[in-house]
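Data block below; observations after.
The values are calculated or read from the model by the stated rules, or taken from the named source; none is laboratory data. For clarity, every value in this text was computed on a predicted model and none was experimentally measured. With ideal geometry, Cβ positions are generated from the backbone for all residues, glycine too; neighbour counts draw on all protein chains shown. Areas reflect the complete protein model, heavy atoms only, side chains present, ligands, DNA and RNA absent. Shrake-Rupley method; radii C 1.70, N 1.55, O 1.52, S 1.80 Å.
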Amino acid sequence: MRVVVTGAAGFIGSHLVLALVEGGFDVLAVDAPGRNASPGAAAENRTVLADAGVTVTECDLITDDLAPLAETEVVLHLAGRPGVRSSWGSGAAETYRANVTATERLLAACARSRPRFVLASSSSVYGEAARPSGEDDPVDPRSPYATSKVEAERLVRRAAAEGMPAVVLRYFSVYGPRQRPDMAFHRFVEAALAGSPAPLYGDGGQRRSFTFVDDVVSATIRAARVPLPDATVLNVGHPGTVRLHDALDRIGSLLGVASPTVPKDPAPGDVACTWAGTDRARELLGWTATTSLDDGLARQIAWHRERARG
């Protein structure tokens, strides 16, 4: 099976590409040109992919001809501009271009060949959760980033109505080795190892369905292979929620040293709770997240320590 992965040099994308290659898939790994890539992580991930014999094809989804990407059986579309905090103000326009315009252009390129199209969306589309969010719950985006994901999902549903086999995966708070430097666990572990404080936005009481990257990759590959109704939406998240303060305590326990923080005002659009309802993924994909937070954090911390040793 030939698979195109956009965002291949990203945090989740690089893990996904490696798993696909190891599984015997014919993979075209696509990422933005180096000048446009995510700072601080993409170059490192490209090195990891190169060491595994994977060549990353540079392609700007906003300006380049995307027809070559459509000659495939599956498109796993992970490219985009992540982050709630960075999507406000001057970041709003670029977030829209990267997450909406790029998706629209890629769908248009695929309109004739109609590969299975899997969109990586986000739990942020739900807004605030008081119980596990189900895929049929109303969306309530609280940030430009979340709004861009709602719009990208709408484009995918429209393409599905026009005959493209399409699936939407809503990822929940993904963590693990090679996590982006701006993400919470990365900041907290690096701060603890350096003995310097990391910013803690809000009071630390936020609850999240923290989901280990290998579990997310497993669900994504299943979505590429398992027959699903067109326009299926699936939550990809751990069914439990953990307070951020409790996660910080676990990081400190695993490191053997406290993870110091500096309190910051809550980030705009950063909700108090996200909570993954996972019944549909279990029923349709035969998938559930299996990695505990302690095991996942231990693996992420091991990566940070190895990276520090150079």
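Looking at W287, W275, can you tell me which residue is among the aromatic types (F, W, Y), within 19 Å of V174 (Cα to Cα) and in contact with a helix residue (DSSP H, G or I) (Cβ under 7 Å, 6 or more places away or on another chain)?
Going through W287, W275 in turn, just one is among the aromatic types (F, W, Y), within 19 Å of V174 (Cα to Cα) and in contact with a helix residue (DSSP H, G or I) (Cβ under 7 Å, 6 or more places away or on another chain): W287.
Table: residues versus (1) farther than 22 Å from R222 by Cβ; (2) part of a loop (DSSP other than H, G, I, E, B).
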{"residue": "T95", "(1), (2)": "yes, no"}
{"residue": "V125", "(1), (2)": "no, no"}
{"residue": "E128", "(1), (2)": "yes, yes"}
{"residue": "D137", "(1), (2)": "yes, yes"}
{"residue": "V150", "(1), (2)": "yes, no"}
{"residue": "L155", "(1), (2)": "yes, no"}
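List pairs: first in the range 71-96 and farther than 26 Å from A166 by Cα and open to solvent by 20 Å² or more (accessible area, probe 1.4 Å), second modelled with pLDDT under 95 and in a helix (DSSP H, G or I), Cβ under 9 Å, 6+ apart or cross-chain?
Sorted first by the residue in the range 71-96, then by its partner, the pairs are R85/G91.
Looking only at the range 210-231, count how many residues are within 18 Å of the chain's Cα centre (by Cα) and not aliphatic (A, V, I, L, M).
So the count comes out to 8.
Can you tell me which residue within the range 252-269, out of those that are open to solvent by 60 Å² or more (accessible area, probe 1.4 Å) and over 14 Å from A192 (Cα atoms), is modelled with the lowest pLDDT?
P266
Quick grid of which residues meet (1) of a type outside the set (D, E, K, R); (2) farther than 13 Å from T274 by Cβ; (3) free of Cβ contacts under 8 Å to residues at least 40 places away in the same chain:
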residue: D140; (1), (2), (3): no, no, yes
residue: G163; (1), (2), (3): yes, yes, no
residue: Y171; (1), (2), (3): yes, no, no
residue: R187; (1), (2), (3): no, yes, yes
residue: A198; (1), (2), (3): yes, yes, no
residue: S209; (1), (2), (3): yes, no, no
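Step by step: first the residues of the range 291-310, then only those that are modelled with pLDDT of 95 or more and part of a loop (DSSP other than H, G, I, E, B), then the one that is farthest from T220 (Cα to Cα). Which residue is that?
S292
Pick from the range 226-251 the residues that are part of a strand (DSSP E or B) and touching a Leu at 6+ places or on another chain (Cβ under 7 Å): which of them is most open to solvent (accessible area, probe 1.4 Å)?
V242
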